[in-house]
């Protein structure tokens, strides 16, 4: 996987940034995770992340931008 490729960081076309992708509820806190089925990013509430842990991955593949250790 080429981590600097913007195609790797596209959101699912049905994802809404203010709603949980799985349950559709508005949540105070949403996690950005990768859906295993299509490898697209989605927003999930913490409850759905725990309930569907086999279907989603936490994704921390974004590279550092700028020099490490120096504020942007």
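Only the coordinates and a few stated rules stand behind these numbers; no lab work does. All of these numbers come straight from a predicted model, not from anything done at the bench. Positions of Cβ are generated from backbone atoms using ideal geometry, with glycine treated the same way; all protein chains shown enter the neighbour counts.
I'd like the antiparallel share, as a percent to the nearest 5, of DSSP beta bridges with both residues in segment 6-58.
90
Quick one: 23, 48, fewest Cβ neighbours within 10 Å first, how do they rank?
Going from sparsest to densest Cβ surroundings: 23, 48.
Neighbour counts of other C-beta atoms within 10 Å: give me 54, 47 arranged from fewest to most.
Fewest-to-most ranking of 54, 47: 54, 47.
Evaluate the Debye formula for segment 6-58 with equal point scatterers sitting on the alpha carbons, no solvent, and hand back log10 of I(q)/I(0) at q = 0.15, 0.16 Å⁻¹, in q order, two decimals.
With one equal scatterer per Cα and no solvent, log10 I(q)/I(0) is -0.33, -0.38.
Fewest to most neighbouring Cβ within 10 Å: what's the order for 11, 21?
With the fewest neighbours first, 11, 21 line up as 11, 21.
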